[in-house]
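Asks: Quick one: the structure is below, questions incoming.
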Amino acid sequence: MNTSYAMPRWADLVLLPLVCLAVALLAAGGVVALVGQHPVEVISVLVHGAFGSARGLSYTLYYATTFVFTGLAVAVAFHGGLFNIGGEGQAILGGLGTGLVALWFSAFLPSWLMLPLMVVSGALFGMAWAVVPGYLQAYRGSHVVITTIMFNFIASTLLVYVLVNHLRPAGAMSVESVAFSESAKLPGMHEALAWLGVAWPASPLNLSVVLAALAALGVYLFLWRTRAGYRLRAVGSSPSAAEYAGIRTRHQVVLGMAVSGALAGMVGMNEIAGVHGKLLLEFVSGAGFTGIAVALMGRNHPVGIVFASILFGALFQGGAEVAFEVRGFSRDMVVMLQGFIVLFSGAMVYVIAPLVARGLNLAGRCLRQTGARHG
Amino acid sequence: MTGSAARAAIAVRMTGIQKRFGAVAANADVNLTVLAGTVHGLVGENGAGKSTLMSVLYGFYQADSGNIEVFGRPAIIRNADDAIALGIGMVHQHFMLVDSLTAMENVMLGAEPHWLLRRAESQVRSKLETLMQSTGLHVALDALVSELPVGDRQRLEILKALYRGARVLILDEPTAVLTPQETEQLFGVLRVLREQGTTILLITHKLKEVMRLCDQVTVMRAGCVVQEMPIAQASIEGLAEAMVGRKVQMGRLQDDVLSLGDVLLQASHVTVRDAMNVVRLDDVNLNLRGGEIVGVAGVSGNGQSELLDVLSGLLAPIEGELLLCGQRFSAAKWLDPRAARSWGLAHVPEDRHARAMVMDFAAWESAVLGYEALPEYASGGWMKHAAMLQGTATMMERFDVRPRDPALLSRSFSGGNQQKLVLARELGQLPKVLLVGQPTRGVDIGAIEFIYAQLRAMRDAGCAVLVVSSELDEILALSTRVIVMNQGRVAGELPIEDCTEASLGLLMVGGVA
């Protein structure tokens, strides 16, 4: 990244994203006002819908769970200097992997064996789907951006093919598999909390939110605490220096894509094992692409990605509330708001950052002067 | 100075120039007066503020305060266009030329005198030919820049500035990439230009050249002018002392008593071809013994970089054999950088930014690059952060890396301090063979002295050292034996006693010593 501006780390990590968010909200508020709605009302409905109730909060976190997986996937690849656009396809394949083992084994395996097996299978399927473009990039020079996009298309048609021709029960009209047995069902958060004696409204939020938190922690440890992560980051920041250090850059490219794909592949745990209990179409529905925005907004750091995921989860959940509550405000307006956030925190960050830096500088100088006067 | 009365007009006068970057004062109340029709040397270490001062003059930066007068008139220079309009031209250290265009197209670029290209070309050509006649700056106008040798490119840059009406010419480290012969030619041209009334500002750190060419010299240190004098009153020792602020020992040490050890590295018949199948190294044979420093001289691009890469395992030859500390490698099974390190070879690469460090890593992460698998830094796949930080702190202490902050990003250190950290890392493992490319490129005089001392200490400890440098002075100061490369071949080998700038320079361009 070109850092022609200098600011303290806290400002770079906290203040800057907040300023970007504020500018995005302002711009979106302007558009809301233009279509004759009241921006403050819309925002308050949105915030209340996302965080105002236990149920709303659960939905927000449920959406966020999926974004954490895809956001982390993008971030890991990014640290290896790779732009993985294929989170969507890898998540689809991951869901397929999760679903297939559930369909095959859930009838006779207990939960404690079934659920880990589904996680591993989903991760392996996602990994396999990412390793192929990774290999092609490392050893054949096909650009990973192109191949992962292509692999998204192949993945979605592959899922349709498998569902329609092999998994759909004979005579059924809808394109989906039979329901898994109980042992393949990841408990919902309300069920888990009920065991602990806490009352919580029913929602799609399930235990994979814990898995997502563990994944975020794991990515942090992998990137900044392990030798493999060190080497991956070296390759991503400076391939020529990595080569000088004796790091096998091609291995690292494949490894980076493998970890990335495995993370995306865990989306199936949230959607397939946690909510639907069967394999169906459209369970990813763009989350792979939202992951790119999440990683951008979260500055490719696990902590940032968790917060960005919650933000995007809130936009999904709150946006649905707004579309429901405010007359004449459609879901497309929420998509517009997301668009502004991606624009300002992704592309416009280089416009906003120097302004923030200059503002900080000015504020610092004022403080010092008043301090000097008082002292 | 002869005829100084007639030339007393002042070309550039900068008064009270202040320029701050954050907390750092790059220029603190700098005054500079350049007489018209003279060659004025501007010397100082990296970060002394000479480039900032010239950038203010050429309009890259605006000074926070201070005044500029050009030929007696107050001038406000907001950008390079303003500077050019005032008759100021600049030749940058890294040439600003478009490789895929011809020499003439480069001159014309951005200053086309007519919207029809053919008309423009004929006008520019006739004007350029007159200019070339009068100044002696000859360049093949229809050749692509990518085909021109470095010396020609530089002449083209000067021509470009003159074409745009430069009466004051700023040259930034013009001889860094030239052979001694090319340097001689350049100085001839600059003298002609001075005779014709052009004022020349020469930024350099080669004091010898200042003494030979300049009429007046200004020394900067830490953002201030510390000395300004006519060249007749200056001496190399005095200028070096003024630059650094203390006495420095740069040249060859007299007490070199050497004890040669075994042959630690032996390369035979090494031939390298690049991706375009062009021969880069041609049947190179080389021996390195413990306790010696072998200097590799040559004009940049004659195979020195490939030699370093092939010996350190970054590049595999198509033919040849290597014996490294008793271990034999063939072209079919060449060593890789990891194997090279494990057999006791350390490599300080030429390109510090692209190779030696990961610029976006903190210093403590760059300080283990290449050694991240050592048990002292990692165990069971986990990095030991505390040990890495501790190790970096020790390196910084031993090699006087400033600031002593292991958490600072690698790119935030000055060139000299980056180089010291890289040396600390590579010397820290007590290698048997040490390859060093451009040990002091972009490094301050004070740090150069320190780096030389470290390399000599390695030699005395029995290490076999190979130094590739484009600075002949450096080769002469360090080496016990010198190899000259030309077009991928070893053009000659001389013991240090027989080396002079003239004999090496001749070998470098393909002659016979």
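FYI, it's all coordinate maths here, none of it is from the lab. The shown structure was predicted, so the numbers you read here are calculated from the model rather than taken from an experiment. We place every Cβ from the backbone using ideal geometry, glycine too, and count neighbours over all the protein chains shown.
Asks: What are the ³J(HN,Hα) couplings of segment B:262-271, residue after residue, when phi is run through the Karplus curve with 6.51, -1.76, 1.60 and θ = phi - 60°? Round to Hz, x for glycine and proline.
Replies: Coupling constants for segment B:262-271: 6, 6, 9, 9, 9, 10, 10, 6, 7, 10 Hz.
Asks: Can I ask one more? With +1 on the Cβ of every Lys and Arg and -1 on the Cβ of every Asp and Glu, and nothing else charged, how large is the dipole of segment B:295-360 about its Cα centre, in debye rounded to the nearest 20? Don't skip to the end; give the middle numbers.
Replies: Numbers: 6 positive and 8 negative charges, 53 e Å.
Rounded to the nearest 20 debye, it is 260 debye.
Asks: Hey, if you drop one equal point scatterer on each alpha-carbon of segment A:100-175 and run the Debye formula without solvent, what base-10 log of I(q)/I(0) do you get at q = 0.26 Å⁻¹?
Replies: -1.12
Asks: If you don't mind, another one. Over all residues in A:246-253, what is the mean tally of Cβ atoms on other chains that come within 10 Å of each residue's Cβ?
Replies: 3
Asks: Over chain A, what relative contact order in percent results from Cα pairs under 8 Å that are six or more residues apart?
Replies: It comes to 33 percent, rounded to a whole number.
Asks: Sorting A:Y350, A:Y62, A:Y135 on the 10 Å Cβ count, fewest up front, what's the list?
Replies: A:Y350, A:Y135, A:Y62
Asks: Apply the Karplus parameterisation 6.51 cos²θ - 1.76 cosθ + 1.60, with θ equal to phi minus 60°, to every residue of segment A:161-169 and state each ³J(HN,Hα) to the nearest whole Hz, in sequence, with x for glycine and proline.
Replies: Here the 3J(HN,Hα) series is 4, 4, 5, 5, 8, 10, 9, 5, x Hz.
Asks: A further question follows. Give me the distance between the Cα centres of segment A:323-345 and segment A:124-187, rounded to whole Å.
Replies: Taking the Cα centre of segment A:124-187 as reference, the centre of segment A:323-345 is 30 Å away.
Asks: Two decimals, Cα atoms only, Kirkwood Rh: what is Rg/Rh over segment B:270-328?
Replies: Numbers: Rg = 12.0 Å, Rh = 12.4 Å.
Rg/Rh: 0.96.
Asks: Take segment B:77-162, compute every pairwise Cα distance, and split them into 5 Å bins from 0; I just need the percent in each bin.
Replies: Pair shares across the bins are 3, 14, 24, 25, 21, 10, 2, 0.
Asks: A further question follows. Take peptides A:235-244, B:402-411 and line them up by average Cβ neighbours within 10 Å, highest first, as a rough protection proxy.
Replies: Order by mean packing, descending: A:235-244, B:402-411.
Asks: Relative contact order, percent, of chain B when contacts are C-alpha pairs under 8 Å separated by at least 6 residues?
Replies: The normalised contact order for chain B reaches 14 percent.
Asks: While we're here: If you look at just the Cα atoms of segment B:424-505, how large are its Rg and its Dmax in Å?
Replies: In order Rg, Dmax, the Cα atoms of segment B:424-505 give 13.2, 38 Å.
Asks: Going by C-beta contacts inside 10 Å, put A:M150, B:M220 in order with the fewest on the left.
Replies: With the sparsest Cβ surroundings first, the list reads A:M150, B:M220.
Asks: B:A26's amide H: which non-local residues (gap 5+, or another chain) put their own amide H closer than 5 Å, with H modeled 1.01 Å from N in plane and none for Pro or chain starts?
Replies: Placed amide hydrogens put B:K19, B:R20, B:F21 under 5 Å from B:A26.
Asks: Given a Förster radius of 25 Å and the C-beta distance between A:R9 and A:L214 as r, what FRET efficiency does 1/(1 + (r/R0)^6) yield to the nearest 0.05?
Replies: For R0 = 25 Å, the calculated efficiency reads 0.45.
Asks: Using the C-alpha atoms of the protein assembly as shown, what convex hull volume per residue, in cubic angstrom, is computed?
Replies: Details: hull volume 212.7 nm³, N = 888.
For the protein assembly as shown, the hull spanned by Cα atoms encloses 239 Å³ per residue.
Asks: By average Cβ neighbour count within 10 Å, what is the ranking of B:267-280, A:16-29 from highest down? The partial results should precede the final answer.
Replies: Numbers: B:267-280: 14.5, A:16-29: 18.1.
The most tightly packed comes first, giving A:16-29, B:267-280.
Asks: Between A:V40, A:V322, A:V120, find the one with the highest GNM mean-square fluctuation for chain A; connect C-alpha pairs within less than 10 Å.
Replies: Comparing A:V40, A:V322, A:V120 in the GNM, the peak value goes to A:V40.
Asks: Nothing charged except the Cβ atoms of Lys and Arg (+1) and of Asp and Glu (-1): what's the magnitude of the dipole of segment B:263-508 about its Cα centre? Round to the nearest 20 debye. Write down the numbers at each step before the final one.
Replies: Numbers: 22 positive and 29 negative charges, 137 e Å.
My answer is approximately 660 debye.
Asks: Any idea what the dipole of the protein assembly as shown comes to, in debye rounded to 20, about its Cα centre with Lys/Arg Cβ at +1 and Asp/Glu Cβ at -1?
Replies: 1440
Asks: Could you sort the peptides B:226-235, B:417-426, B:63-72 by per-residue average Cβ neighbour count (10 Å cutoff), highest mean leading?
Replies: Listed from highest to lowest mean packing, they are B:417-426, B:63-72, B:226-235.
Asks: Which of A:R231, A:R250, A:R358 moves most in a GNM of chain A, Cα contacts under 10 Å?
Replies: Most flexible of the set in this elastic network: A:R358.
Asks: Okay, moving on. Using each residue's phi in segment A:249-258, evaluate 6.51 cos²θ - 1.76 cosθ + 1.60 at θ = phi - 60° and report the 3J(HN,Hα) Karplus result to the nearest Hz, with x for Gly and Pro.
Replies: My calculation for segment A:249-258 gives 4, 5, 4, 5, 4, 5, 4, x, 5, 4 Hz in order.
Asks: Run through all the Cα pairs of segment A:55-327 and give the fraction in each 10 Å bin from 0, expressed as whole percent.
Replies: Whole-percent P(r) values from 0 Å outward: 8, 30, 34, 21, 7, 1, 0.
Asks: How big is segment B:263-508 on each of its three principal axes, counting only the C-alpha atoms and giving the largest first in Å?
Replies: Its Cα atoms span 50, 41, 35 Å along the three principal axes.
Asks: Continuing with the same structure: Against the empirical 2.2 N^0.38 Å scaling, what ratio does the C-alpha Rg of segment A:149-277 come to?
Replies: 1.45
Asks: Between the helical axis of B:150-163 and the dominant principal axis of chain B, each derived from Cα atoms, what acute angle in degrees is found, rounded to the nearest 10?
Replies: Between the helix axis and the principal axis of chain B, the angle is about 20 degrees.
Asks: Next question. For the pairs B:K247/B:K420; B:K333/B:K420; B:K19/B:K247; B:K206/B:K432; B:K384/B:K420, note any where the Cα-Cα span goes beyond 27 Å.
Replies: B:K333/B:K420; B:K19/B:K247; B:K206/B:K432
Asks: Give the separation of the Cα centroids, segment B:82-142 to segment B:433-456, in Å.
Replies: Centre-to-centre distance over Cα atoms comes out at 39 Å.
Asks: To continue, here is another question. Which whole-number percent gives the relative contact order of segment B:263-508, counting Cα pairs below 8 Å spaced six or more residues apart?
Replies: The value is 29 percent.
Asks: For the protein assembly as shown, with the dipole built from +1 on Lys and Arg beta-carbon atoms and -1 on Asp and Glu ones, taken about the Cα centre, which of A:G87, A:M114, B:G303 lies farthest toward the positive end?
Replies: Positive-end residue among those listed: A:M114.
Asks: Here is a follow-up. Rounded to the nearest 500, what is chain B's calculated 222 nm mean residue ellipticity when only DSSP H runs of at least 4 contribute -39500 (n - 2.57) each, over all residues?
Replies: The helix-only estimate for chain B comes to -9500 deg cm²/dmol at 222 nm.
Asks: List the residues, sorted by chain then number, that are 5 or more residues from B:N46 or on another chain and whose placed amide H is less than 5 Å from its amide H.
Replies: Here the answer is B:D444, B:I445, since their amide H atoms fall under 5 Å of that of B:N46.
Asks: Under a GNM of chain A (C-alpha, springs under 10 Å), which listed residue has the highest mean-square fluctuation: A:N206, A:N270, A:N165?
Replies: Ranking A:N206, A:N270, A:N165 by mean-square fluctuation puts A:N165 first.
Asks: Still on this structure, please answer the following. What list do you get for A:M7, A:M127 if you sort them by fewest beta carbons within 10 Å? It would help to have the intermediate numbers written out before the result.
Replies: Values: A:M7 18, A:M127 23.
Neighbour counts put them in this order, fewest first: A:M7, A:M127.
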